[in-house]
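Student: This is the structure I want to talk about, given as structure tokens.
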Amino acid sequence: MAKEIKKLNELFHDTLMDVYFAENKIVEVLPKMQEAAKSSQLKGAFEKHLAETKVHVTRLEEVFAIIGKEPAKKTCPAILGITDEGAEIMEEYEGSPALDAGLLSAAQAVEHYEMSRYGTLRTWALELGLTDAAGLLQTTLDEEQATDLALTSIATSVVNQNAE
């Protein structure tokens, strides 16, 4: 029996389900990170990004609608690994001055994963002629990049010095 030849539209859908799973996982994990953080700036950044992430989930649902598919999640081992590392940091560094630096590094690992996924999805959407989807994905990519820059600023201005 010949294996079915899959095309870019199927890869786009698979990756969309993957990032939908990831964003929903982030909505679940961010409150725990916010609670664990000691720096008020970091707590605020996590709170802001939680609100943004909920919007990201809604935008992804709009992309599913554009391609005529129901929103669905596909387990994302990458985000599970990254969030497991964050949980491990919270446990191992609880009460430590380095806790916030560890939380921040875990958050940036999430951001970098998301930026790679949204950049790829945006490019594929353009290739597939899905300009409305590409616009939505670009908006989210821009927000993820802004969050990454904000986290870097918090790291260099406050958190890393407190960790020393």
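The values are calculated or read from the model by the stated rules, or taken from the named source; none is laboratory data. Remember, predicted model here, so these are calculated numbers, not experimental data. Every residue, glycine as well, gets a Cβ built from its backbone with ideal geometry; the counts of neighbours run over all protein chains shown.
Student: Just one of 140, 147 is touching a Phe, Trp or Tyr at 6+ places or on another chain (Cβ under 9 Å), in a helix (DSSP H, G or I) and of a type in the set (S, T, N, Q); which is it? Step through it out loud before you land on a result.
Tutor: Working: 147 fails: touching a Phe, Trp or Tyr at 6+ places or on another chain (Cβ under 9 Å).
Exactly one of 140, 147 is touching a Phe, Trp or Tyr at 6+ places or on another chain (Cβ under 9 Å), in a helix (DSSP H, G or I) and of a type in the set (S, T, N, Q), namely 140.
Student: Pairs needed: first member in segment 100-129, under 21 Å from residue 40 (Cβ atoms); second member anywhere, of a type in the set (D, E, K, R); C-beta distance under 7 Å; at least 6 residues apart or different chains.
Tutor: Every condition considered, the pairs that remain are 100/38; 106/85; 108/148; 111/144; 111/148.
Student: State whether one or more residues within segment 137-151 are more than 18 Å from the chain's Cα centre (by Cα), hydroxyl-bearing (Ser, Thr, Tyr), closer than 21 Å to residue 28 by Cα and at pLDDT 90 or above. Break it down into steps so the answer makes sense when it comes.
Tutor: We begin by selecting, within segment 137-151, every residue more than 18 Å from the chain's Cα centre (by Cα); these are none.
No.
Student: Condition (residue is of a type in the set (Gly, Ala, Ser), surrounded by 13 or more Cβ atoms within 10 Å (Cβ to Cβ), touching a residue at least 12 places away in the same chain (Cβ under 8 Å) and under 15 Å from residue 102 (Cα atoms)) applied to segment 41-59: is it met by at least one residue? Show your work before the answer.
Tutor: So in segment 41-59, the residues of a type in the set (Gly, Ala, Ser) come out as 44-45, 51.
Remaining after also requiring surrounded by 13 or more Cβ atoms within 10 Å (Cβ to Cβ): 44-45.
Remaining after also requiring touching a residue at least 12 places away in the same chain (Cβ under 8 Å): 45.
Within this subset, residues satisfying the condition of being under 15 Å from residue 102 (Cα atoms) are 45.
Yes, because at least one residue in segment 41-59 is of a type in the set (Gly, Ala, Ser), surrounded by 13 or more Cβ atoms within 10 Å (Cβ to Cβ), touching a residue at least 12 places away in the same chain (Cβ under 8 Å) and under 15 Å from residue 102 (Cα atoms).
Student: Among the candidates 134, 98, single out the residue that is surrounded by 13 or more Cβ atoms within 10 Å (Cβ to Cβ), in contact with a Lys or Arg (Cβ under 9 Å, 6 or more places away or on another chain) and not basic (Lys, Arg).
Tutor: Details: 98 fails: in contact with a Lys or Arg (Cβ under 9 Å, 6 or more places away or on another chain).
Only one candidate passes the filter, namely 134.
Student: Ok, one more. Among the residues of segment 5-40 satisfying the criterion of being among the β-branched types (Val, Ile, Thr) and either out of contact with any helix residue (DSSP H, G or I) (no Cβ under 8 Å at 6 or more places or on another chain) or in contact (Cβ under 8 Å) with a residue 60 or more places away in the chain (or both), which is surrounded by the fewest Cβ atoms within 10 Å (Cβ to Cβ)?
Tutor: 5
Student: Pull up segment 29-38, narrow it to residues that are in a helix (DSSP H, G or I) and hydrophobic (A, V, I, L, M, F, W, C), then point me to the one that is farthest from the chain's Cα centre (by Cα).
Tutor: Ranking the candidates gives 36 first.
Student: Suppose we keep only residues that are of a type in the set (Asp, Glu) and in contact with a helix residue (DSSP H, G or I) (Cβ under 6 Å, 6 or more places away or on another chain) within segment 137-164. Which one would you say is surrounded by the fewest Cβ atoms within 10 Å (Cβ to Cβ)?
Tutor: Step one: filter segment 137-164 for residues of a type in the set (Asp, Glu), giving 142-144, 148, 164.
Subsequent filtering for residues that are in contact with a helix residue (DSSP H, G or I) (Cβ under 6 Å, 6 or more places away or on another chain) retains 143-144, 148.
Numbers: 143: 19, 144: 24, 148: 17.
In this case the residue turns out to be 148.
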